[in-house]
Amino acid sequence: MTTYNTLTLEKNEGIGILTINRPKMLNALNQEVLEELSFALDEVETDFSIRVLIVTGSGTKAFVAGADIKEMKEKNAVEGRIFSSLGNAVFSKLEQLRQPTIAAVNGFALGGGCELALACDIRIGAENAKFGQPEVGLGIVPGFGGTQRLPRLVGIGKAKELIYTGANVAAEEAYRIGLLNKVVAVEALLEETKTMAKKIMRNSPLGTEGSKKAINQGMQMGLQQGLVLESEIFGALFATEDQKEGMAAFVEKRKAQFENK
Ligand code: HXC
């Protein structure tokens, strides 16, 4: 386990659990959290023992209640832009992480908290999860990717409604609009998230990594360009042990033993 000032990174049986740890502030994201998150993500990216990363918040009340309003309050225009750029750089690092990522959303995921969950590949919410982008009520706009990732995930109309009204969305509604992949009981959140992580881990690491790259990069391209990218990634995997093992195991009617190479 690595303990930072504002977060922890546990590693167990191939699963990394990154917990934002400022419970008294409902895990609000200040400059220090973003900087430490960046270091922790570098640690995950280069750690071959970690196959899936879970991102969560400490306590049961909040995943992350947003960027730290008390710290943001006195910023000028330049400082505001730099803070937004820092968050966007760190969340993009999370989005592009080699490993699949799952947000385990416990309680409030507001503003920057919703945006943190959006930068993960998959979102599982406890029944008390509440999403929202309340920034317009503070005289700002979402600044850690909400105006870009939310419409890509739930559609432009719904994203505009959520951002313009600043209204909170409860777990079941978040599931209905595609913001959550699954809703589970509060006390089962971490176990259910680990169960999904283990399902992913049964498959080849290079296959999941290649799929993630094809989807993420493909979403920024036209269809034909994306299909070319897919074929390139598909072809490259035939030079790996994982592809040889996966197909041999099928033919030999046994379970594949993938070695991430
Ligand atoms: C700083 C925060 C905070 C935040 C909560 N706290 N959210 N501090 N920034 N985002 C602090 C409170 O001030 C309080 O500290 C303590 O955490 C507990 O919160 P309470 O408000 O007492 O709890 P409760 O009454 O249960 O209300 C929970 C809540 C509310 C509904 C989540 O805290 C809330 O509305 N928080 C702000 C949500 C928000 O607007 N988020 C978006 C931020 S803007 P004290 O010391 O006072 O007791 C954003 C922009 C991202 O995220 C992009 C930036 C570039």
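The values are calculated or read from the model by the stated rules, or taken from the named source; none is laboratory data. Nothing here was measured: the structure is a model prediction, and the numbers come from that model. Reconstructed Cβ throughout: ideal geometry from the backbone, glycine too, with neighbour counts over all protein chains shown. The area values use the complete protein model at the heavy-atom level, side chains included, leaving out ligands, DNA and RNA. Shrake-Rupley method; radii C 1.70, N 1.55, O 1.52, S 1.80 Å.
When you look at ALA185, is it touching a strand residue (DSSP E or B) at 6+ places or on another chain (Cβ under 9 Å) and open to solvent by 20 Å² or more (accessible area, probe 1.4 Å), yes or no? Yes. Taking residues in region 10-25 that are under 21 Å from ARG202 (Cβ atoms), and partners anywhere that are acidic (Asp, Glu) and more than 16 Å from the ligand (Cβ to nearest atom), the pairs with Cβ atoms closer than 9 Å and at least 6 places apart or on different chains are LYS11/ASP47; GLY16/GLU10; GLY16/GLU43; GLY16/ASP47; ILE17/GLU10. Tell me, please, whether a residue that is open to solvent by less than 50 Å² (accessible area, probe 1.4 Å), of a type in the set (Gly, Ala, Ser) and within 12 Å of the ligand (Cβ to nearest atom) can be found in region 10-29. Yes, region 10-29 contains a residue that is open to solvent by less than 50 Å² (accessible area, probe 1.4 Å), of a type in the set (Gly, Ala, Ser) and within 12 Å of the ligand (Cβ to nearest atom). All conditions in (1) open to solvent by 40 Å² or more (accessible area, probe 1.4 Å); (2) in contact with a helix residue (DSSP H, G or I) (Cβ under 6 Å, 6 or more places away or on another chain) hold for GLN243, with the sole exception of (1). Scanning region 148-160 for residues that are surrounded by fewer than 15 Cβ atoms within 10 Å (Cβ to Cβ) and among the charged types (D, E, K, R) returns ARG152, LYS160.
Do we have ALA167 as among the small types (Gly, Ala, Ser) and open to solvent by less than 30 Å² (accessible area, probe 1.4 Å) here? Spelling it out, it is not the case that ALA167 is among the small types (Gly, Ala, Ser) and open to solvent by less than 30 Å² (accessible area, probe 1.4 Å). Condition check for GLY59 on (1) within 11 Å of the ligand (Cβ to nearest atom); (2) closer than 19 Å to GLY125 by Cβ; (3) at pLDDT 95 or above: one failure, at (3). Exactly one residue among THR3, THR101 is away from the ligand (no atom under 13 Å from the Cβ), open to solvent by less than 10 Å² (accessible area, probe 1.4 Å) and not aliphatic (A, V, I, L, M), and that residue is THR101.
Among the residues of region 108-134, how many are within 11 Å of the ligand (Cβ to nearest atom), free of Cβ contacts under 8 Å to residues at least 60 places away in the same chain and open to solvent by 10 Å² or more (accessible area, probe 1.4 Å)? Going through region 108-134 one residue at a time, the tally reaches 2. Just one of (1) free of Cβ contacts under 8 Å to residues at least 60 places away in the same chain; (2) open to solvent by less than 20 Å² (accessible area, probe 1.4 Å) fails for LEU180. It is (1). Look at region 30-45: where a residue is acidic (Asp, Glu) and a partner is open to solvent by less than 10 Å² (accessible area, probe 1.4 Å), sitting 6+ places away or on another chain with Cβ atoms under 7 Å, you get GLU32/THR6; GLU36/THR6; GLU36/LEU7; GLU43/LEU9; GLU45/LEU97. Report yes if SER84 is small (Gly, Ala, Ser), in contact (Cβ under 8 Å) with a residue 60 or more places away in the chain and open to solvent by 20 Å² or more (accessible area, probe 1.4 Å), otherwise no. Yes.
Residue count for region 183-205 under the criterion of being touching a Phe, Trp or Tyr at 6+ places or on another chain (Cβ under 8 Å) and either assigned to a helix (DSSP H, G or I) or free of Cβ contacts under 8 Å to residues at least 24 places away in the same chain (or both): the result is 1. When restricted to residues that are over 12 Å from LEU206 (Cα atoms) and either touching a helix residue (DSSP H, G or I) at 6+ places or on another chain (Cβ under 8 Å) or open to solvent by less than 90 Å² (accessible area, probe 1.4 Å) (or both), region 246-261 contains 5. For the residues GLU74, GLU43, the requirement of being modelled with pLDDT of 95 or more, surrounded by fewer than 23 Cβ atoms within 10 Å (Cβ to Cβ) and within 21 Å of THR3 (Cβ to Cβ) singles out GLU43.
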